[in-house]
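What follows is calculated from the coordinates using simple rules that are stated; it is not laboratory data. Since this is a predicted model, take the numbers as computed values, not measurements. In this analysis, Cβ positions are derived from the backbone assuming ideal geometry, glycine residues included, and neighbour counts consider all displayed protein chains.
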Amino acid sequence: MMSNLFSIFDPSTNIFNLSLNWIKTFIGLMFIPYSYWFIPNRYYMMWNFISSKLHNEFKTLMGTNSFNGSTFIFISLFFFVLFNNFLGLFPYIFTSTSHLNLSLTLSLTLWLSFMIYGWINNTQHMFIHLIPQGTPTILMPFMVLIETISNIIRPGTLAVRLTANMIAGHLLLTLLGNSGMNMPNYLLIILIFSQILLLILEFAVAIIQSYVITILSTLYSSETN
């Protein structure tokens, strides 16, 4: 029962037994032609509005020491995760963000980039960040240890948070869908209504988790400047 339940997260196809479903992660680029962004229409206006809001917020979080255009890295991360989260809500479509292969790769790559940049260019600032201001002298070695451990586990927490939230919602949808086979007809209406509410909730989770992983990545980046 459990193997069949978790088989919905299997990235392999049934025909060729290959992990071709991972190609879906980048398929969104095929539906975004180059001229799409330069044609004044309602989709362009909506995209431009969201991007502007995210740019202003990330710019505030990163501070004045950030490089010009650095916020677009996190805007791209937001839309990339959001696209894969949203696409996984459709039936028979593989959810790549429910695997640590993708989420841990994203978070670990960003974290390593921040750490390498920070320790090379702002070494003194990185050492100062290990000890919060006002820490008693006797507690300084323990605070350095605690801050180091909390810094090391950051990519893992980012990846697990995204993966766990996506898995939990899809498991609930699968459990409700499988239980409908044995339900009487008068309970199917309640089941359908519950599925609709759960889909709305999962749509909100897809947006929130995309925003959370982007905001946390932005905060981690601001600590290295």
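If I take R0 = 45 Å and measure r between the Cβ atoms of THR137 and LEU172 in this structure, what FRET efficiency does the formula 1/(1 + (r/R0)^6) give, to the nearest 0.05?
Calculated value: 0.35.
Between the range 152-173 and the range 50-107, how far is it from one alpha carbon centroid to the other, in angstrom?
Using only Cα atoms to place each centre, the spacing works out to 15 Å.
Could you work out how much longer the chain between TYR44 and SER70 gets when fully extended? Use 0.36 nm per residue separation minus the Cα distance between them, nm to one decimal.
7.2 nm
With contacts defined as alpha carbon pairs under 8 Å and 6 or more residues apart, what's the relative contact order of the range 85-173 in percent?
44 percent
What is the extension gain from SER179 to LEU191, computed as 0.36 nm multiplied by their sequence separation minus the C-alpha to C-alpha distance, in nm to one decimal?
3.4 nm
Net charge near PHE114: determine it from the other residues with C-beta under 12 Å of the C-beta of PHE114, scoring Lys and Arg +1 and Asp and Glu -1.
Summing Lys/Arg as +1 and Asp/Glu as -1 gives 0.
When you count, for each residue, the other Cβ atoms within 10 Å and take the mean per peptide, how do 108-115, 124-131, 93-100 rank with the highest first?
So the order, starting with the most tightly packed, is 93-100, 108-115, 124-131.
Mind checking the full-extension length gain between TYR117 and LEU219? Use 0.36 nm per residue of separation minus the Cα-Cα distance, one decimal, nm.
Once the chain is fully extended between TYR117 and LEU219, it gains 35.3 nm.
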